[in-house]
């Protein structure tokens, strides 16, 4: 059995495109939560204006399927020209510490 996997996706809006990037990302929240294996899909903002998507998936296999889902395909297309640099996606693995609840997201 696979352990849940946590992902961060960092979006750096191009100059003047912050609200446009949010307009693209917000609708995908509900859509992605409907995908098999999605445990968390939430956007947060860094005070610098960088937008961070925090995701948690039941398995790596379901995360891989998410990468080609209709919501992600549409999101990529809609973000074209709105970002200062490519999205930085990082898959994270928890380091056990404390109780299981304390040691993972």
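The values are calculated or read from the model by the stated rules, or taken from the named source; none is laboratory data. Only a predicted model underlies this, so the values are computations on that prediction, with no experimental measurement involved. Cβ atoms come from the backbone with ideal geometry, glycine included; neighbour counts cover every protein chain shown.
Entry remark, the range 58-83: residues being touching a residue at least 24 places away in the same chain (Cβ under 8 Å) and under 12 Å from the mean Cα position of the chain (by Cα) number 5 in total.
Checking each residue in the range 60-82 for being out of contact with any helix residue (DSSP H, G or I) (no Cβ under 7 Å at 6 or more places or on another chain) and not in a helix (DSSP H, G or I) picks out 67, 68, 69, 80, 81. For the range 83-98, the tally of residues that are in a loop (DSSP other than H, G, I, E, B) and either out of contact with any strand residue (DSSP E or B) (no Cβ under 8 Å at 6 or more places or on another chain) or at pLDDT 95 or above (or both) stands at 8.
Of everything in the range 17-48 that's in contact with a strand residue (DSSP E or B) (Cβ under 8 Å, 6 or more places away or on another chain) and exposed (fewer than 12 other Cβ atoms within 10 Å of the Cβ), which residue is nearest to residue 81 (Cα to Cα)? By that ranking, first place goes to 26. On the given criteria, is residue 102 outside any loop (DSSP other than H, G, I, E, B) and surrounded by fewer than 17 Cβ atoms within 10 Å (Cβ to Cβ)? Taking the combined requirement at face value, the residue does not satisfy it. Filter the range 30-52 for residues that are part of a strand (DSSP E or B) and more than 21 Å from residue 94 (Cβ to Cβ); which is nearest to the chain's Cα centre (by Cα)? Per the criteria, the residue is 43.
Inclusion of residue 55 among residues that are at pLDDT 95 or above, surrounded by 12 or more Cβ atoms within 10 Å (Cβ to Cβ) and over 11 Å from the mean Cα position of the chain (by Cα) is not warranted. Contact map, the range 27-55: residues that are closer than 20 Å to residue 14 by Cα paired with residues that are surrounded by fewer than 13 Cβ atoms within 10 Å (Cβ to Cβ), Cβ distance under 6 Å, separation 6+ or inter-chain. Pairs shown: 51/45; 52/44.
If a residue must be modelled with pLDDT under 95, surrounded by 13 or more Cβ atoms within 10 Å (Cβ to Cβ) and touching a helix residue (DSSP H, G or I) at 6+ places or on another chain (Cβ under 7 Å), how many such residues does the range 1-16 contain? The qualifying residues number 1. Among the residues of the range 1-11, those that are over 13 Å from the mean Cα position of the chain (by Cα) and in contact (Cβ under 8 Å) with a residue 60 or more places away in the chain comprise 3, 4.
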